[in-house]
Amino acid sequence: MTPEAEDALAERIAGALVGAAVGDALGGPVEGWSPEQITERHGGRVHGVVGPWHGDAWRTARPLAPYHKGDGHVTDDTLMTHALIRVYVTVRDHLDAHAVAEHLVPDLMTNPRWIPELEAEALPLQRIFLAEKWLVARLHYGHVDPREAGVGNIVNCGAAMYMAPVGLVNAAHPAGAYAEALDIAGAHQSSYGREAAGVFAAAVAAACAPGATPASVVDACLTLAKDGTREAIGKVCEVAAGYTDFESALAPLRAAVAPYDTVGPDYRSPSLGARRPSRLHAIEELPVALGMLLVAGGDYRHAVLGSVNYGRDCDSIATMAGALAGALGSAVPEEWAKTVAEASRLDLWEPAAALTGVTREVFARDVDRRRAHERAFAGIGGPRCSG
């Protein structure tokens, strides 16, 4: 690998991971609200880091208490992403559902860390949402087969939101990222929640390829996605192709994804059919993130601000859009990254450097495994590789 290629890989991985964290932090304080409510609360669209929705009353104001969302604090999306990176750093190879049980769950349960939204050191388990606590309940206490543990959980974006590292370890290999993420996510999600995890990882891998564009990322997703996830991505991105500014795209993208989204129009009062397994539906977050990436033409700032101002589960939407734009090479604004790192008391660049080293090691192992397979296949009469 040339020095230029090594630098490019490191830059793509840093761009994706820092980009995801910054998007998460920008979206956190307006999560769950509508574009109209966001405009009313902030006197216009959000254009950067803002404070908590309820100001100084964040500790007690419902429905967000006791989390300090805002002021540059990352949420559980980033905490889970960094936790998965730590598993890669430990295993230093491809992961599966068993790695989640053996490494991720104990990390969540036993290693105190600074939790920005709690403004305290605590176990990550004390911050993550119920759909992520499911991992501990099923794997640690229930002793369920890790490959099946996701069955029965609410179907949401919980697994997809932290799958960027899988796409990065499989950089430029979307099919590999898709397969690995589906295996990992089996411990956490089922149905279209698990499918979204695979497709998002594939999108990140596709964004790392030389010459990648927002359109090529979407094409990779459509090639691999199944059922309602594929239909939702196709419809949303078809609509997104007609817009070049997020302001005018907000309502059309919501209308395009609505038939596939089970939550319903009131995000805080989900429908009775919400988050149940289905081959006809999709999570809302991934199609909208891809749509915003297209609207923005791959520009980080535009894609993330569009995702943030979309509202609803906008921290996860902005996490995904930020990871994809960053992986494509669009620069994360330095002032945002600096503010988020300082406010969250996190080194946003260290996990990226660690994952870059692991990614190179895994690729070298993959090459060795492939060569061994070629030799074995040739030994039973298969064609010999000329390379």
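For the range 127-201, what mean projected area does the convex hull of the alpha carbons give, in nm²?
Mean orientational projected area (the range 127-201, Cα hull): 4.6 nm².
Could you work out the local net charge near G158, counting Lys and Arg as +1, Asp and Glu as -1, over the other residues with Cβ closer than 11 Å to its Cβ?
-2
Calculate, axis by axis, the spread of Cα positions in the range 238-381 along the three principal axes, and write the results as whole Å, longest axis first.
Largest first, the range 238-381 extends 60, 42, 31 Å along its Cα principal axes.
Ordering E231, E121 from largest to smallest accessible area (1.4 angstrom probe), what's the sequence?
E121, E231
Hey, got the dipole for the chain? About the Cα centre, +1 on K and R Cβ, -1 on D and E Cβ, debye to the nearest 20?
Numbers: 33 positive and 47 negative charges, 174 e Å.
The calculation lands at about 840 debye.
Once Rh is set to the Kirkwood radius over Cα pairs, what Stokes-Einstein translational diffusion coefficient, in µm²/s, holds for the range 226-275 at a temperature of 20 °C and a viscosity of 1.002 mPa s? Could you put the intermediate results ahead of the total?
Values: Rh = 11.7 Å.
The diffusion coefficient I find is 183 µm²/s.
According to the Kirkwood expression over distinct Cα-Cα pairs, how big is the hydrodynamic radius of the chain, in Å?
Final number for the Kirkwood radius of the chain is 20.6 Å.
With N set to the number of residues, divide the alpha-carbon radius of gyration of the range 301-387 by 2.2 N^0.38 Å and report two decimals. Intermediate results must be reported in sequence, preceding the final value.
Numbers: Rg = 20.8 Å, N = 87, 2.2 N^0.38 = 12.0 Å.
Compactness ratio reported: 1.73.
If you project the alpha carbons of the range 68-225 onto their three principal axes, what span does each projection cover, largest first, in Å?
Between the extreme Cα coordinates on each principal axis of the range 68-225 lie 42, 39, 29 Å.
How do 312-323, 87-98 rank on mean C-beta neighbours within 10 Å, highest first?
Put in order of decreasing packing, that is 312-323, 87-98.
Considering the Cα trace of the range 1-81, what is its radius of gyration and what is Dmax, both in angstroms?
My reading of the Cα-based Rg and Dmax gives 16.4, 54 Å.
On average, how much accessible surface per residue is there in the range 45-150, in Å², for a 1.4 Å probe, leaving out ligands, DNA and RNA?
For the range 45-150, the per-residue accessible area is 43 Å².
What is the spread of the Cα atoms of the range 148-287 along each of their three principal axes, largest first, in whole Å?
Principal extents (Cα only, largest first): 42, 41, 21 Å.
Can you check what the net charge comes to around G167, using other residues whose Cβ is under 11 Å from the Cβ of G167 (Lys, Arg +1; Asp, Glu -1)?
Result for the neighbourhood of G167: 0.
What 222 nm value per residue comes from the helices of the chain, counting each DSSP H run with n ≥ 4 as -39,500 (n - 2.57) and dividing by all residues, nearest 500 deg cm²/dmol?
Values: 16 runs with 211 residues, N = 387.
Dividing the helical sum by the residues of the chain leaves -17500 deg cm²/dmol.
Probe radius 1.4 Å, ligands and nucleic acids ignored: give me the carbon and sulfur share of the accessible area of the range 3-53 as a rounded percent.
On the way: 970 of 1920 Å².
The computed percentage sits at 50.
Which value in Å does the Kirkwood hydrodynamic radius of the range 332-376 take, with 1/r averaged over all unlike C-alpha pairs and then inverted?
Details: mean 1/r = 0.0767 Å⁻¹.
Value: 13.0 Å, from the Cα pair sum.
Straight-line reach from K69: which lysines have Cα under 28 Å away, leaving out those fewer than 8 places along the same chain?
Filter leaves K133, K338.
Can you compute the charge dipole magnitude of the range 303-387 about its Cα centre, using +1 on each Lys and Arg Cβ and -1 on each Asp and Glu Cβ, nothing else charged? Give it in debye, rounded to the nearest 20.
Using Cβ point charges on Lys, Arg, Asp and Glu, the range 303-387 gives about 640 debye.
Take the chain, connect every pair of alpha-carbon atoms lying under 10 Å apart with a spring to form a Gaussian network, then pick out the residue of V18, V49, V199 with the largest mean-square fluctuation.
V49
May I ask for the distance between the Cα centers of the range 214-257 and the range 163-204, given as a whole number of Å?
With the range 214-257 and the range 163-204 each reduced to a Cα centre, they are spaced 18 Å.
For the range 251-387, report the accessible area per residue in Å² (1.4 Å probe, heavy atoms, rounded to an integer).
Normalised by residue count, the accessible surface of the range 251-387 is 45 Å².
The values are calculated or read from the model by the stated rules, or taken from the named source; none is laboratory data. Fair warning: this is a prediction, and the values are worked out from it, not measured in the lab. Virtual Cβ from ideal backbone geometry, glycine too; neighbours counted across all protein chains shown. When the accessible area is computed, the model is the full protein with side chains, heavy atoms only, and any ligands, DNA or RNA have been set aside. Shrake-Rupley method; radii C 1.70, N 1.55, O 1.52, S 1.80 Å.
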